[in-house]
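Since the structure comes first, as structure tokens, the remarks are kept for the end.
The values are calculated or read from the model by the stated rules, or taken from the named source; none is laboratory data. What you are looking at is a predicted structure, and each value in this text was computed from that prediction instead of being measured. Quick reminder, even Gly has a Cβ in these numbers, built from the backbone with ideal geometry, and neighbours come from all protein chains shown.
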Amino acid sequence: MKFVIGAVLVIAINLFTILPLISKTDEEDIGENITRLKKYQWFQDLLSDEANKQLIVHDNDVRRTIGKFKSNKFDNKFFCNKYRNKLQSILNQKSNRLT
């Protein structure tokens, strides 16, 4: 019995230690990232397509993906291409489901 209580205590302590480290995206992160992405032509091209624009504005999965991007890495060409591919991929997935 003492072993079970000890194990539960260790698990609870681990959860309270780890959970704050898991990042959550919120509307503020999403809005900031969209504002910063608008300076890139590839993102403007995505927004110019009405279907993509609707997904970027209204789809939770697409918005959560944008919110997870690290904005301090946008100017790094490698990460910019990685984020571009990631966003195009999820937009393609979502638009294929709609058709």
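Among residues that are loosely packed, with under 10 Cβ neighbours inside 10 Å and either at pLDDT 70 or above or within 25 Å of the chain's Cα centre (by Cα) (or both), L37 is not included.
The number of residues in region 27-72 that are within 19 Å of N92 (Cα to Cα), touching a helix residue (DSSP H, G or I) at 6+ places or on another chain (Cβ under 7 Å) and either assigned to a loop (DSSP other than H, G, I, E, B) or basic (K, R) (or both) comes to 4.
Go through region 36-82 and count every residue that is free of Cβ contacts under 8 Å to residues at least 40 places away in the same chain, of a type in the set (S, T, Y) and touching a Lys or Arg at 6+ places or on another chain (Cβ under 9 Å). Here the count works out to 2.
Looking only at residues of region 73-99 that are polar (S, T, N, Q) and part of a helix (DSSP H, G or I), we find that the one that is nearest to L46 (Cα to Cα) is Q88.
Has region 69-83 got at least one residue that is more than 19 Å from D26 (Cα to Cα) and of a type in the set (G, A, S)? Among the residues of region 69-83, not one is more than 19 Å from D26 (Cα to Cα) and of a type in the set (G, A, S), which makes the answer no.
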